[in-house]
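To start, the structure under review is shown below, and the notes come after it.
Read-outs: derived from the displayed coordinates by stated rules, not from any lab. These figures come from a predicted structure and were not determined experimentally. Quick reminder, even Gly has a Cβ in these numbers, built from the backbone with ideal geometry, and neighbours come from all protein chains shown.
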Amino acid sequence: MLHKLHIRRLFHITLLLVVIAGISSCGTTQFRKDYYNVNTLLHDSTQFATGTPWLKAHMKNGNIVIFYNTWEVDSAQTYISGFGAQYDFNRQLITQDHLSIPIDDIALFETNNPVQDNKGRISAITIMTGLDILFGVVCITVPKACWGSCPTFYIDSTATTHYADAEGFSNAILPSMQYGDIDALPGSVLPGSTFRITLRNEALETHCIDKVTLYAISTPTNKTAFQSVDNKFYLGDKNFICSKAYDENGEITALLEKADTQERFSTTDEHNLKSKEAIYLNFSSAQANDSIGLLLRFRQTLLPTYCYYNAVSYMGDFVGGINTLLETDEKIRNKFGHDGFLGALGGIDVHVWNESENDWKYEGAFNETGPIAINTQILPLSASDGKDSIKIKLVLNKGLWRIDQAALVTDLHRTQAKAISPQVINAAGGHEDAFSDYLSDSTNYLITYPGEHFYLDFPMPEQSDHYTAFLYSEGYYLEWMRGDWLADKNILKLRYMLNFPNLYLKTEASVFKEHEAAMEQIFWNSRISQPIFSSNE
Amino acid sequence: MLIASGCASYPKGINPVGKNKTDPYGATMKVSPKSTKTIIGELIAVNGDSLYLLGANNQIMRYHIKDIRTYVVYYGTPEKTLGWTYALLPAISISHGFWMILSIPINLIFAGGITNDVKQDMIYTNRELPIDKLSIMARFPQGLPPSVSLNEITR
């Protein structure tokens, strides 16, 4: 099993080898040698690493005799003889034959005794090739871990994937699955300003974006705007920080009390990818009433991404036909969604402790797909029995969810948001405002390809002190088939996965477990930042 | 790339055969005198305080050693360039998925370092081969033969 540490080490070693190769490239090998004395030549020749080497006899008259590897000196050391070629001082060939030259006519001998061959370099190449192959094997074994997914949105155009502010329609893998998705954006937006969002395609996918709308909520200074799990907007009071949070492994309060991207997550159960776990939250100073809600900042791990890529690879070269089937048959299509496979994985179920009934009461669930952007949502709570503290239990799939913050919000009231369409859309490095018509016309789609960036400018209204912004994106995306995946074609397994998701999640558990740690590391380093080709073309 | 290109390389238009194995000529040499432009030619001999190059048009040029700023000696081409690493390593990178964005440049830099290292075996600078040892690279390492006139030397 490849752990993060191993991946990191692999790259450190690779870089080290490159540096070593670079440093050694500036070295030299001095292996030429001249002999003015035949005795010394004969002495050294017994120690030549490559046997009897070629020998150049530079003659006093400027001629040269080049002996190949058969030369010898007679016992009296008066002649050197062997097969060779003799040239004059202008290096015109005089003869090429078995030659015998008087030692006295020779000014010096020249030969070489290689002290360095390519063994060291071949070793370095072997190591490098081995590392390359090893890494290739990792990607071939876990091809789903080497690729990313979903359109991403950024307020800071220079931010990396780790800091994506929103992530669009992760489940819309076909035109018929198109849907809209709202994500809360951090911070507040000044009225009258132009608010710029950077849209990126960082995966091997074609993104077809039908609509991008900014929902702006006028937010008084002492209030905060929230989005609920069912995409309604609320204004509420400041959060109650969780006084104690714990799971089966102990206290996790420090991980959940702040929005600091220090996320609480667990790894999957090696026997079943559907195994549940519980997180308990205590809010000791909170007054339960009819207008409270639980706020969570959360996102998914790579488990759903892995399962989806598995499904596509099982399709193999039937991917086109199966996608057509999915497009035309709603019943089969639903087997992918929350009524099917995604439903088997489940969301984050919220239960509130009811003191009078001495039992947990189910309140609803957080369930937004996507491993990249952190979602900030609230779940309005109805359970209330007037006590001074509130206890909440979250029930979730092991290894499926990352939770950054859990808090209570109070005095929740529904509010309306102002919908703002992008005024200008520019492609990074492309023509000014070349794409603005795409999102304003419902029949047009903004098509983006891997590595492309677009800037969306939204004109903010004047009538408020400041706005809280939420980004709505609607569309679908088409996953690019990888050559590696074709080898995984297994229609029977695809049927098994979709018809019996619970059994599939059980049997696939050990396979996923093998790659779970390495997958996270690889995924976060696999995002495409430069266009492969452009929709401008 | 900086590492790979940081060392001396063959000058354009030069096929450096020189002193490699059974070649009877002197090494190809690039001399940068202190006051005149750089000259490329075959190293004929180093005699006392002078160095003789056979330049283009069979013209013998003599330089006083004290007037030479730098020089580079190219005395052959490597038998095995290991250039195949340029093809092999990036080809394997294709199996790395998105990681090829990183691994192809790394492999190219590595291949560049290796092939450049091989090439360096056949290249000496004045720092690596001091002037007092330079004669071994000459057509006449024993010095100019008394019986040979400079004007007669051609190639």
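Points worth noting:
- If you plug the beta carbon distance of A:Asp465 and A:Ser291 into 1/(1 + (r/R0)^6) with R0 = 22 Å, you get a FRET efficiency near 0.45.
- Mean partner shielding of peptide B:138-149, defined as the number of other chain Cβ atoms within 10 Å of each residue Cβ, is 5.
- Inter-label distance, B:Leu102 to B:Lys34: 5.1 nm, where each label sits 7 Å from its Cα along the C-beta direction.
- Reach of A:Lys60 by Cα under 19 Å, taken over aspartates and glutamates that are not fewer than 8 positions away in the same chain: A:Asp34, A:Asp88, A:Asp104, A:Asp105, A:Glu110, B:Asp23, B:Glu152
- Theoretical gain in end-to-end length, A:Val511 to A:Glu355 [0.36 nm per residue, Cα-Cα removed]: 51.9 nm
- Convex hull (Cα only) mean projected area of the stretch B:78-121, reported in nm² to one decimal: 2.6 nm²
- When A:Tyr79, B:Tyr75 are sorted by how many other C-beta atoms sit within 10 angstrom of their C-beta, beginning with the fewest, the order is A:Tyr79, B:Tyr75.
- Pairwise label distance in nanometres, A:Ile122 with B:Ser149, each label 7 Å out on the Cα-Cβ vector: 5.2 nm
- Sites matching GluC sites (Glu not before Pro) across the stretch A:441-523 that sit in DSSP coil, with at most 12 neighbouring C-beta atoms within 10 Å: A:Glu462
- Taking the fewest neighbouring Cβ atoms within 10 Å as the starting point, the ordered list for A:His207, A:His58, A:His338 is A:His338, A:His58, A:His207.
- GluC sites (Glu not before Pro) within the stretch A:212-289, DSSP loop, no more than 13 other Cβ atoms inside 10 Å: A:Glu248
- Unsatisfied cross-links (Cα-Cα over 28 Å) in the set A:Lys244/A:Lys418; A:Lys335/A:Lys418; A:Lys56/B:Lys119: A:Lys244/A:Lys418; A:Lys335/A:Lys418
- For A:Cys150, A:Cys307, the sequence from fewest to most other C-beta atoms within 10 Å is A:Cys307, A:Cys150.
- Label-point separation, A:Thr267 to B:Asn126 (7 Å along Cα→Cβ), nm: 6.2 nm
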